[in-house]
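Please read the structure below before turning to the comments.
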């Protein structure tokens, strides 16, 4: 019949040479859905991905699925036969017209993409989830400011305790400094891993920061490379950047020059102090050398006079 209808059936099979992760990502992009929802299609049970299609439309859907890396098939829809006797025997009073009629060929109620958030929920203290470039900058700036404040508090406490007991101040400062360092490393790793997830990369790549030379380029990649537009294997995309995120990210433009100025000022002061110390040392050395030369000249003059006296004594004895 020319009005025959068809459906696309999928049972989790992949095309040769296609990895499961790649196929799931392709299907998530094709259906505009989350990878977690796509996972439910790979149970091995046949699932009707699309129903009530013409032959040409079914061929089009099948080609798109094959390009995504999965094997599917076209099956004819089974016509539903109605019996007039069964219709009359049905108790109309017990019929619930608020629900769709149950059919063995009906698609699953939880279709792909239903009840899924458009954006992921943001969580700072975790290695799960995704964040974009501006949010990475904003969170890093907040972490840096918190580090400076905590360092100032620890220094103040250390100076206060040092007036009473220098030994306790050293021990307490060391413990607090170590705890602050560990907290900084943990939060930095969590933020960096979420940024890697946004680009579709494994969080283990954050260990490249420990590799010499590479660690000078890798942080720049985290700031430059864009994230995936849609969902990837690490979840839905992060929400759009808020005004606060944009403001914090833009503050880096003022914070970086400020830190450079402070660093140059401290370096220049250290250089001037070292130069002044060298000049004082040179002056003392030159003064000491002048005094030694003066003493040596006095000794030389005395020796000359003594020599003259010694030379004059024989002459006087001859005259006598």
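Please treat every number below as a calculation from the coordinates, not as lab data. What you see is a predicted model, and the numbers here were worked out from it, not measured in a lab. Neighbour counts are summed over all protein chains in view; Cβ atoms, including those assigned to glycine, are modelled from backbone coordinates with ideal geometry.
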Can you sort 199, 259 from fewest to most other Cβ atoms within 10 Å of each residue's own Cβ?
259, 199
Separation of the range 214-245 and the range 172-196 by C-alpha centroid, Å?
21
Extent of the range 6-76 along each principal axis, from alpha carbon coordinates, in Å, largest to smallest?
30, 22, 21
Suppose each label sits 7 Å from its Cα in the direction of the beta carbon; what would the residue 174-residue 4 distance come out to in nanometres?
8.4
In nm, give the distance between the simple-model label positions of residue 165 and residue 216, each being 7 Å from the Cα along the Cα-to-Cβ direction.
4.6
So what are the radius of gyration and Dmax for the Cα set of the range 133-267, in Å?
18.3, 59
Just grab the label-to-label distance for residue 146 and residue 269, each label 7 Å out from Cα along the Cβ direction, in nm (one decimal).
2.9
Note: residue 281 to residue 125 extended length (0.36 nm per residue) minus current alpha-carbon separation gives 50.8 nm
